[in-house]
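As structure tokens, the structure follows; a few thoughts come after it.
The values are calculated or read from the model by the stated rules, or taken from the named source; none is laboratory data. Predicted, not measured: the structure shown is a model, and the values here were computed from it. Neighbour counts run over all protein chains shown; Cβ positions are idealised from the backbone, glycine included. SASA here: full protein model, heavy atoms, side chains in, ligands and nucleic acids out. Shrake-Rupley method; radii C 1.70, N 1.55, O 1.52, S 1.80 Å.
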Amino acid sequence: MMRSTLGVIGLQWGDEGKGKIVHRLSRDFSYVVRFNGGNNAGHTIVQNGQSFVFHILPSGILHPSVIGIIGDGTVIDPSILWNEIQEANRLTDSVQNRLFISENAHVIFPWHIEMDIILEKQRSCKIGTTKRGIGPVYGDKIYRTGIRMRSMLQPVTFLKELKEAISEKEAFLNQISQEPVHFDAKKIIDDYMFYAEKLHPMIKDTGSVLREALRKEKSILLEGAQGTLLDINYGSYPYVTSSPTTIGGATTGAGIPPSSIHDVLGIVKAYVTRVGEGPFPTEQKNELGEKLAQEGHEFGATTGRPRRCGWLDLPALQYAIDINGITSLALMKLDVLDSFSEIAICTEYKNGFSPAFTETELIYQTFPGWNQPTRHCKTWSELPPKAQNYIQFIEDAIHCPINIISVGPGEKETILK
Ligand code: GDP
Ligand code: IMO
Ligand code: MG
């Protein structure tokens, strides 16, 4: 048995390839924990050539030995979760017997989704949210007006809370919306009471489950959603998500002490992508960006929106490494650069880096491309020397070891350095 707690954190604007790495590493862990966000996340794993996207289930759940936890810091749309459990059940041993859902996680309701849509429509500066109700449900949590999963354990109380919330939220949304808002109360009640009954056996004090696991020296993998630059505190605010996406959020979102986290693995693409609005200094709004998008199949795993693409940004990466205390890195999607004749990296912001990314001049260094496929490479020495140089340059610049290099979506397309 392995005694360790490992955080796995996205270091850019999400979609770095966390799902692939979490799936690959998690067979050696007893527990895999989602600690932040909700079904705004889309984590892709490829197993036996088939690809699956997890939105709220931990990406390690397909390994029958893994116990999955959806922790205190998450927000849950019960219909998405229930459907995902059914889907996962077709691929692995009964998920509901080894999944625990935090009683402290907040429940996403139709009014959160409606409000997400209304707010986005009214904003002069659009965020480009996933429209999954994420901002409004975290808003309710902070206002102390939310409903938590624990309510589902008491059907009478839950029914009462539901009825009150439906009429209050409908009245409120009609005040702020230009269009009339009407909720089908009977349908909402029927649906949510159904999910409450189904999910009931899995709802637990997951923090105490994990602290007990720590006492028994079991291994825990903490699976971050989104990426550091989308963090509510440290990202490119206001163009961020509404939860902490950094390692600090893993302790409050899972209910375990910071001192229990031994290592933090940072997941970073060999270039950068972003879905939605907000600053993106190294974005290539040209044929190079289009080529990155095409070679990397850069379409959102949750919303299908095209991802914006650009070159690797070392000052932003260093910032993300420092905030999370990253102990090693996985460099993803190296193969996407295989056919570029020249590859650039931003090495410096002339006026210094800030996650607010005020207008600034960037300094780039360019590297000759290797112009040959890397997907078959199984070891460091099989990589083309020019690809090795590119990786070595990054490693030296950021003073952090790159221990994993990913050259394809499949589990085997991975080099351990
Ligand atoms: P996550 O949100 O961080 O889990 O990442 P997503 O699943 O949203 O997006 C990553 C995409 O890249 C998925 O389609 C993966 O299957 C794919 N992917 C992961 N690693 C690699 C890689 O090394 N090479 C290529 N070509 N694709 C990869
Ligand atoms: P994973 O876990 C990429 C982005 C949205 C939007 C902003 C706010 O797959 O990496 P929200 O719906 O959270 O209020 O949207 O955050 N966003 C993501 N971008 N990957 C994600 O998750 C994301 N989750 C949210 O596009 O710009
Ligand atoms: Mg994703």
*Can you tell me which of 301, 320 is at pLDDT below 95 and either within 16 Å of the chain's Cα centre (by Cα) or in the same structural domain as residue 121 (by TED's automatic domain parsing) (or both)?*
301
*How many residues are of a type in the set (Ser, Thr, Tyr) and outside any strand (DSSP E or B) when one looks only at the stretch 264-279?*
1
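Suppose we filter 51, 30 for residues that are within 16 Å of ligand 3 (Cβ to nearest atom) and of a type in the set (Gly, Ala, Ser); which single one remains? Reasoning before the result, please.
Values: 30 fails: within 16 Å of ligand 3 (Cβ to nearest atom).
The match here is 51.
Output the number of residues of the stretch 283-305 satisfying the condition of being in a loop (DSSP other than H, G, I, E, B) and either within 16 Å of ligand 2 (Cβ to nearest atom) or surrounded by 21 or more Cβ atoms within 10 Å (Cβ to Cβ) (or both).
9
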*How many residues does the stretch 316-327 contain that are open to solvent by 10 Å² or more (accessible area, probe 1.4 Å) and out of contact with any Cys (no Cβ under 7 Å at 6 or more places or on another chain)?*
6
*What single numbered condition from (1) farther than 24 Å from residue 234 by Cα; (2) more than 16 Å from ligand 3 (Cβ to nearest atom); (3) not assigned by TED's automatic domain parsing to the domain that holds residue 159 fails to hold for residue 70?*
(1)
*Identify the single condition in (1) in contact with a strand residue (DSSP E or B) (Cβ under 8 Å, 6 or more places away or on another chain); (2) modelled with pLDDT of 95 or more; (3) more than 18 Å from residue 195 (Cα to Cα) that residue 91 does not satisfy, given that it satisfies every other one.*
(2)
*Check on residue 321, within 19 Å of residue 394 (Cα to Cα) and outside any helix (DSSP H, G or I)*: no
*Of all residues in the stretch 41-76, which are open to solvent by 20 Å² or more (accessible area, probe 1.4 Å) and not in a strand (DSSP E or B)?*
48, 49, 55, 64, 65, 72
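Any residue that is at positive phi and either exposed (fewer than 15 other Cβ atoms within 10 Å of the Cβ) or not basic (Lys, Arg) (or both) - is there at least one of those in the stretch 134-154?
In the first step, residues of the stretch 134-154 are kept if they are at positive phi; the result is 144.
Narrowing the set further to residues that are either exposed (fewer than 15 other Cβ atoms within 10 Å of the Cβ) or not basic (Lys, Arg) (or both) leaves 144.
Yes, the stretch 134-154 contains a residue that is at positive phi and either exposed (fewer than 15 other Cβ atoms within 10 Å of the Cβ) or not basic (Lys, Arg) (or both).
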*Evaluate the stretch 118-130: report whether one residue or more is within 16 Å of ligand 3 (Cβ to nearest atom), under 21 Å from the mean Cα position of the chain (by Cα) and either on the phi < 0 side of the Ramachandran plot or open to solvent by 40 Å² or more (accessible area, probe 1.4 Å) (or both).*
yes
_Name the residue that is nearest to residue 416 (Cα to Cα), counting only residues in the stretch 329-362 that are open to solvent by 30 Å² or more (accessible area, probe 1.4 Å), at pLDDT 90 or above and hydroxyl-bearing (Ser, Thr, Tyr)._
339
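With 375, 308, 274 as the choices, which residue is surrounded by fewer than 17 Cβ atoms within 10 Å (Cβ to Cβ) and in contact with a Gly (Cβ under 9 Å, 6 or more places away or on another chain)?
Numbers: 308 fails: surrounded by fewer than 17 Cβ atoms within 10 Å (Cβ to Cβ); 274 fails: surrounded by fewer than 17 Cβ atoms within 10 Å (Cβ to Cβ).
One residue alone meets the criteria, 375.
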*Would you point out the residue of the stretch 1-23, among those that are away from ligand 3 (no atom under 16 Å from the Cβ) and of a type outside the set (A, V, I, L, M, F, W, C), that is most open to solvent (accessible area, probe 1.4 Å)?*
3
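Scan the stretch 131-161 residue by residue and report those that are within 16 Å of ligand 3 (Cβ to nearest atom) and more than 27 Å from residue 201 (Cβ to Cβ). Working first, answer last.
Within the stretch 131-161, the subset within 16 Å of ligand 3 (Cβ to nearest atom) is 131-132, 134.
131 - this is the single residue of the stretch 131-161 that is within 16 Å of ligand 3 (Cβ to nearest atom) and more than 27 Å from residue 201 (Cβ to Cβ).
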